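A short reminder: the numbers here are calculations on the coordinates, not readings from a lab. Since this is a predicted model, take the numbers as computed values, not measurements. Glycine also receives a Cβ, built like all others from the backbone with ideal geometry; neighbour counts cover every protein chain displayed.
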Amino acid sequence: MSDDGGTWVGQRFEVTVGPVAHGGHCVARHEGRVVFVRHALPGERVVVAVTEDRHPGYCRADAVEVLDASPDRVERPCPAAGPGRCGGCDWQHVDPAAQRRLKADVVTEQFARLAGMDVALDVEELPGGPLRWRSRARFAVDRSGRPGLRPHRSRDVVVLEDCPITVEPAVQAVLGRNWDGAGAVDVAVDSVGGVTTTVLDRRGHARSTRVARPTGAEATGSRAERKAWHRDWQVEGTGFWQVHPAAADALVGAVAGFLGVRPGERVLDLYAGAGLFGGSLAGGVGAGGQVVCVEADAGACAAAADNLADLPQAEVWQGDVDAEGLTGLLAELDGPPDVVVLDPPRSGAGRGVSAVLAGCGARAVAYVACDPASLARDVAVFAEAGWRLTGLRAYDAFPMTAHVECVALLEPGQPVASPERS
Ligand SMILES: C[S@@+](CC[C@H](N)C(=O)[O-])C[C@H]1O[C@@H](n2cnc3c(N)ncnc32)[C@H](O)[C@@H]1O
């Protein structure tokens, strides 16, 4: 809302687009106000149409006409993308290499602003190209039962026949069909071509799950199969697994490389899901080491327990990772963890958990994050406790979108207060 209380929604004006910002837009200014512009690129001269104006300091707008295009601008591969249309992707109009540079700029800016740290990094490309990588998706369903995706910051549904970033079997399983009465459909395609679809009601509750195996044999409520780090993993239905087929291997590689676990060490894997990181590091600590995976979701814990059944040094604890729960869990271990890997949801681990980890006696922490803002905030908490950011890698695990996956290595800057080791 502007100073005079009037709304700019619907207004059109020219701006010169400034730097990229977190969230899939760039920053511009008009009459002293910040304008977050989607569908534009830094340096471009565009005409914007204001789409939202609720805050005194800023409004949101779409670039609806490009007067002076960036050399990084390309033809959108998806016909459903663009201003006012499908909101699933942010950077369809951007050359993929330039998308990675934008993401690197966002990570750098978030660390500078939220952690007061200068970081320099390249966002690494994953194999497979920018399209047909999404192996897990949620599609919205309109009142007529037609599936699609929502426009940016809208409850409408853009009906889709295809989604070019999603793998073909998932598209075929959901789009172009009628899902009368459903609110949404989750779909996941596993490493052996099994397709799991979960129908959700309008309140987001799962109503039914169906697994179609490539042979045609079908089962209900069964698990998906994934492959990563030379192992097979079972995942509960459409439960959490990295969306990009190459991401799990890349992230485990980064975590393993950063932590360099040694025989006999104790590993704590927090927010463990189906046990990906703990299970992958278990070989490094050997039979004389210990791996404790902590996860809140009962189905994920059951899958993790099965996934780690051949690793006697690994165990799964079901519980909430919060400051109190983590403190209790650390007290129950036979000694402090040597290393910790944590992979929290988008909101991050938060101040409480980060502060407990900074005092837990570990020699290193690998923090896997899908939101650089949450990561930077939590890294700042470690830094307050004397820890140093000694490694940072980032992966383009979500091409065409503004999302980026980071792995940070944190090490205590001072001798760790040494609780007794068993
Ligand atoms: C980003 S996923 C990571 C899963 C796993 N590390 C992987 O890579 O497959 C986050 C996981 O944290 C779990 N989770 C969310 N909040 C939690 C909490 N407070 N305590 C424990 N687990 C939590 C979710 O159920 C989910 O499995």
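Worth pointing out:
- Distant-in-sequence amide H partners of Arg388 (H built 1.01 Å from N, under 5 Å): Glu411, Gly413
- Gaussian network model of the chain, springs between alpha carbon atoms under 10 Å - residue of Pro214, Pro42, Pro79 with greatest fluctuation: Pro214
- Using R0 = 30 Å, the C-beta based FRET efficiency linking Glu324 and Asp105 works out to 0.20.
- Rounded to the nearest 0.05, the FRET efficiency derived from the C-beta distance between Glu225 and Ala69 at R0 = 56 Å is 0.80.
- Assigned charges on the beta-carbon of Lys, Arg, Asp, Glu; segment 198-336 dipole about Cα centre (debye): 600
- If R0 is 30 Å, the Cβ-Cβ spacing of Leu121 and Arg153 corresponds to a FRET efficiency of close to 0.55.
- In the chain, the DSSP-assigned H stretches of four residues or longer account for a calculated mean residue ellipticity at 222 nm of -6500 deg cm²/dmol, using -39500 (n - 2.57) per stretch and the full residue count as denominator.
- Stretch gain in nm, segment Val9-Gln172, where the contour uses 0.36 nm per residue and the Cα spacing is subtracted: 54.9 nm
- C-alpha center-to-center spacing [segment 291-323, segment 73-127] in angstrom: 34
- Inter-centroid distance (Cα atoms) of segment 222-289 relative to segment 375-392, Å: 23
- Most positive-pole-ward Cα, Val267, Gly279, Val404, against dipole of the chain from beta carbon charges: Val404
- Charge dipole of segment 50-112 (Cα centre as origin; +1 on each Lys and Arg Cβ, -1 on each Asp and Glu Cβ, all else neutral): 220 debye, rounded to the nearest 20.
- Summing +1 for each Lys or Arg and -1 for each Asp or Glu among the other residues whose beta-carbon sits under 13 angstrom from that of Ala397 gives -2.
- Proxy reagent accessibility, fewest Cβ within 10 Å first, across His30, His230, His93, His152: His230, His30, His152, His93
- A simple spin-label model places pseudo-atoms 7 Å from Cα toward Cβ; at Arg351 and Arg143 they are separated by 4.4 nm.
- Label zone (Glu161, point 7 Å along Cα-to-C-beta; backbone nitrogen cut-off 15 Å) within segment 81-105: 81.
- Under a model in which nothing but the beta-carbon of Lys, Arg (+1) and Asp, Glu (-1) is charged, the chain shows a dipole of about 760 debye around its Cα centre.
- Under Karplus coefficients 6.51, -1.76 and 1.60, residue-wise ³J(HN,Hα) of segment 245-260 in Hz, glycine/proline x: x, 9, 6, 4, 4, 4, 6, 4, x, 5, 5, 4, x, 5, 7, x
- Of the residues Asp396, Asp53, Asp269, the one that moves most in a GNM of the chain with alpha-carbon contacts below 10 Å is Asp53.
- Of Pro56, Pro344, Pro19, the residue with the greatest mean-square motion in the GNM of the chain, using alpha carbon springs below 10 Å, is Pro56.
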